[in-house]
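What follows is a set of notes on a single structure, which appears directly below.
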Amino acid sequence: MSTLFGESSGAVGGVPYDLFGPAVLAPTAGDESRDGSGGSGGLPRLDAEGLLDGLNPQQRAAVVHIGAPMLVVAGAGSGKTRVLTHRIAYLLAARGVRPGEILAITFTNKAAAEMRERVSALVGPRARAMWVSTFHSACVRILRSEAKRLGFGSSFSIYDAADAQRLITLVTRDLDLDPKRHPARGLAAQISNLKNELIDWEMARDRASSHPERTVAEVYAAYQQRLAQANALDFDDLIMTTVNLLQAFPDVAEHYRRRFRHILVDEYQDTNHAQYVLIRELVGQPAHGAGRAVGTVATGADETAGAGSATAAAGAGAAGAAVAMGESATWPSGAVPPGELCVVGDADQSIYAFRGANIRNIVEFEEDFPAAAVILLEQNYRSTQTILSAANAVIARNNQRKAKRLWSDAGDGEKIVGFVADNEHDEAAFVAEEVDRLTDAGLARPADVAVFYRTNAQSRVFEEIFVRVGLPYRVVGGVRFYERREIRDLLAYLRVLANPADTVNLRRILNVPRRGIGDRAEAALAGFAEAERIGFPAALARVGEVPGLAARSAKAVREFAALLTGLRAVEAQGPVALVEAVLERTGYLAELLAEDTIESQGRVENLQEFVGVVQEFVERNPEGSLAAFLEQVSLVADADQIPTDDGSDGVVTLMTLHSAKGLEFPVVFLTGLEDGVFPHLRTLGDPAQMEEERRLAYVGVTRARARLYLTRSVVRSAWGQPAYNPASRFLGEVPDALIDWRRLAEAAPPPATRTWGSGSAGSSFGSAGLGAAAGGSASARRPLANSPFAGRARPAARAVVELNQGDRVTHDSFGLGVVVAIAGFGDSAEATIDFGAEAGTKRLLLRYAPVEKL
DNA sequence: GATCTCTTACTTTTT
DNA sequence: GTAAGAGATC
């Protein structure tokens, strides 16, 4: 059936389209007579007009738009989620679209959940029939149902970055590559980049023109072979394989095009090439941007379609009507007309280019889709004008961008507060004091406050101070639950049970817990598998034939195989029973319990928590299989712990700028504003990366609703030694009139100049300003003890803390802890300290460890 | 095969 | 300052 709309009004395909056709054509719908009249009475009923209430003209135009692909350029805080959710509701209410015809794509599960929730609030339970999901889970869903076509089982494993890296390590070992010169991490990144560009291993091989490229291609080929053997796909494969599927099987593509008549994409600026092509394939309209299609096979019908609508819609203004007419006029009967595409994004918030996001997707949207409508949302409903002016001023320094200026009618509000600390501890102390002051004055609750920094390592100092002053906080990011060793071990067992071919995970658990199958035994098995051209799992079954395997090892392997067989028998009893059986029968739990250290107890607790996760899953999905559970875990990764505001005082949130995207807080501290920290050291020499850093600054600034603090530190210890970094260039880009400097650097910028003057005689100071950070040379890191400011700064040679068993301490990164044991004395004194379930137990050399007695 | 010690290299990372 | 990985040693 068709959701095309005819000339002006009337019913097409049984769906009534009245009223709305013409209105759409005016992108700026004039004045918004808020329709305060009685028109929208009944609440529960889906009221199309009511959905437009309270929207500004641009938002309204985006909600109501019909036909041609639409780009909504949504500046920070301009209500893009509102536009998306209202558009979806409006499609249902006004245009008779069925929920099942809607596919809404986001990048994070959190965003997907939020969108689903907000749509449900508007349209009720009907929302359940829609696909509101991440790119990856949408692809998994498609791949599982079409797995047969591609020749792999529908129970394929999903390898995350860590699994992928492990497998690449195995591959490089097989290929006899020097792991020093070819680190798995780098190879994994390169292969990932290729996949993001939809370059498969054969294409990579054919194009490789240099030795390093040939090496990557070789690894890539072997890696894909191993993945296939393991019946596994990595994250990037999920997208690329789906694209391949749609391109190779026109009937499959048509099936999904018929199904998804409306495709909405959030955070479009973060899409990579593969995701872009995926969207294009699903919409069914080939892009017109020249030379874009890498390995694209468009069907004949599509070509016709694209050309038809492009020509017809040449007049950009009247896009909607033109496309509609063009389509109905030129569409070959039986073919599926393109779906409606609505993408929302903000090029200024593109901060994932380093991971393959391609900013051109949004910048050149109009070239890709010549009939496209573009709507600009510039009114910001989040921040004060002061904050927006700062954001505008900073981002305006980027050359590669389209002009856009956020504005607000919320008034100027408070000035931005600037603060220069002598060292990072003072910077953190200032933040803590300020939060304290605001909360005491009733101006904010801890939950209203966020502290942002460039890198995770910077959270340490804040935690230390916050613990000391008793300010409740939560760090987002860092070591995640699902990345903990014991959790990954347990997951590896489950994955092997679900997918016996999963070699990477099988080899991970082969000797975990230790059962006497060491490296030699593993190598013998791998060699045998290679020689016999069978998979590693098959080699286990034929252990008797493996040459060079000690009798004792062979016995251990047999027992291991029997263990797995026994566990598979438990699978029918459900995931919970299975997980418990794994923990029991493998001896994993017993080993941890026997260890009986604080650390092992923490691990046991984590495993218990994991069992809880499984229980919860089963309660919610009574029919849920192990495979379904594993999929959820793979794709949800860490169901992020951004504190939700429940109305209580809550806690201060600490996170990196990257994690901050999409969030907002009444009070924001943007810290570490130093060249070399933010912008990061590695970006100083690269204009493109610098622009990305600036976008990151823009994201940070625009998270703030009412109060923004910009802080930096004159000296900061990096890698254990103090470094003097010049003020961040971003600070200088904020108009001074907007900033109320609470404290500035000492008049004579002493240590920095002196250090520089004495160190690098010939270097020009101008470039040295950057070099101060970039060089990381010894001269830049003179110990503070020599400086006149040593008293204020952190002591370079720390006095060894005297501790006794049972003392309570705080540690820069681990937080609160209790001393379990002490060994040695003087400079070699060593303490074993329990930092609780999160950090576990650590053995620290007190001479260096940043611990303080409480 | 397990354990210890030493070296190394440290962005960001929605999935 | 830390943690992971490699190499040496028990």
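The values are calculated or read from the model by the stated rules, or taken from the named source; none is laboratory data. Just so you know, these numbers come straight off a predicted model, no measurement behind them. Every residue, glycine among them, receives a Cβ derived from its backbone with ideal geometry; neighbour counts consider all protein chains shown. Side chains included, ligands, DNA and RNA excluded: accessible areas come from the protein's heavy atoms. Shrake-Rupley method; radii C 1.70, N 1.55, O 1.52, S 1.80 Å.
Residue-level check: of (1) open to solvent by 10 Å² or more (accessible area, probe 1.4 Å); (2) within 16 Å of DNA strand C (Cβ to nearest atom), residue A:428 misses just (1). Taken together, the criteria exclude residue A:684 from residues that are under 21 Å from residue A:457 (Cβ atoms), in contact with a Leu (Cβ under 8 Å, 6 or more places away or on another chain) and free of Cβ contacts under 8 Å to residues at least 60 places away in the same chain.
Let's see how each residue does on (1) polar (S, T, N, Q); (2) away from DNA strand B (no atom under 16 Å from the Cβ):
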site: A:581; (1), (2): no, yes
site: A:592; (1), (2): no, no
site: A:596; (1), (2): no, no
site: A:616; (1), (2): no, yes
site: A:625; (1), (2): yes, yes
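If you go through the range A:494-508 one residue at a time, do you hit one that is assigned to a helix (DSSP H, G or I), within 27 Å of the chain's Cα centre (by Cα) and either among the aromatic types (Phe, Trp, Tyr) or over 20 Å from residue A:163 (Cα atoms) (or both)? No, that holds for no residue. Pairs meeting the criteria (first residue in the range A:584-607 and of a type in the set (Gly, Ala, Ser), second residue open to solvent by less than 20 Å² (accessible area, probe 1.4 Å), beta carbons under 7 Å, at least 6 apart or on different chains) are A:587/A:513; A:600/A:592; A:602/A:840. Of all the numbered requirements in (1) more than 18 Å from the chain's Cα centre (by Cα); (2) surrounded by fewer than 18 Cβ atoms within 10 Å (Cβ to Cβ); (3) part of a helix (DSSP H, G or I), residue A:191 misses one, and that requirement is (2).
If we scan the range A:560-570, do we find a residue that is outside any helix (DSSP H, G or I) and in contact with a helix residue (DSSP H, G or I) (Cβ under 8 Å, 6 or more places away or on another chain)? Within the range A:560-570, not a single residue is outside any helix (DSSP H, G or I) and in contact with a helix residue (DSSP H, G or I) (Cβ under 8 Å, 6 or more places away or on another chain).
Every residue, every condition in (1) more than 16 Å from DNA strand B (Cβ to nearest atom); (2) under 17 Å from residue A:653 (Cβ atoms); (3) of a type in the set (D, E, K, R); (4) at pLDDT below 90, yes or no:
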residue	(1), (2), (3), (4)
A:424	no, no, yes, no
A:428	yes, yes, no, no
A:437	yes, no, yes, no
A:441	yes, no, no, no
A:444	yes, yes, no, no
A:448	yes, yes, yes, no
A:453	no, yes, no, no
A:466	yes, yes, no, no
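Look at (1) in a loop (DSSP other than H, G, I, E, B); (2) modelled with pLDDT of 90 or more; (3) open to solvent by 50 Å² or more (accessible area, probe 1.4 Å); (4) farther than 30 Å from residue A:705 by Cα and you find that residue A:381 fails only one, number (4). Checking the stated criteria, residue A:624 turns out to be modelled with pLDDT of 85 or more, open to solvent by less than 20 Å² (accessible area, probe 1.4 Å) and part of a loop (DSSP other than H, G, I, E, B). Counting only strands (runs of 3 or more DSSP E) that fall entirely inside the range A:641-735 and contain at least 3 residues that are more than 16 Å from DNA strand C (Cβ to nearest atom), the qualifying elements are A:652-656, A:665-670, A:704-718. Considering only residues in the range A:431-473 that are surrounded by fewer than 19 Cβ atoms within 10 Å (Cβ to Cβ) and not in a helix (DSSP H, G or I), the one that is nearest to DNA strand C (Cβ to nearest atom) turns out to be A:455.
If you go through the range A:139-159 and keep only what is among the polar types (S, T, N, Q) and outside any loop (DSSP other than H, G, I, E, B), you end up with A:145, A:157. Scanning the range A:386-423 for residues that are open to solvent by 60 Å² or more (accessible area, probe 1.4 Å) and free of Cβ contacts under 8 Å to residues at least 24 places away in the same chain turns up just one, A:403. Residue A:174 meets the conditions (1) within 15 Å of DNA strand B (Cβ to nearest atom); (2) open to solvent by 10 Å² or more (accessible area, probe 1.4 Å) in every case but one. The failed one is (1).
Looking only at residues of the range A:107-123 that are touching a residue at least 60 places away in the same chain (Cβ under 8 Å) and not charged (D, E, K, R), we find that the one that is surrounded by the fewest Cβ atoms within 10 Å (Cβ to Cβ) is A:108.
Of all residues in the range A:705-715, count the ones that are open to solvent by 20 Å² or more (accessible area, probe 1.4 Å), within 26 Å of residue A:663 (Cβ to Cβ) and over 28 Å from the mean Cα position of the chain (by Cα).
0
When residue A:493 is tested against (1) under 22 Å from residue A:521 (Cβ atoms); (2) open to solvent by 10 Å² or more (accessible area, probe 1.4 Å), exactly one condition is not met: (2).
No other residue among A:104, A:127, A:93, A:89 is in contact (Cβ under 8 Å) with a residue 24 or more places away in the chain, closer than 28 Å to residue A:698 by Cβ and either part of a loop (DSSP other than H, G, I, E, B) or touching a helix residue (DSSP H, G or I) at 6+ places or on another chain (Cβ under 8 Å) (or both) apart from A:104. I'm checking my understanding of the structure. Among residues of the range A:563-612 that are of a type in the set (Val, Ile, Thr) and open to solvent by 40 Å² or more (accessible area, probe 1.4 Å), which one is modelled with the highest pLDDT? Ranking the candidates gives A:565 first. Here residue A:547 meets each of (1) open to solvent by 10 Å² or more (accessible area, probe 1.4 Å); (2) touching a Gly at 6+ places or on another chain (Cβ under 6 Å) with one exception, condition (2).
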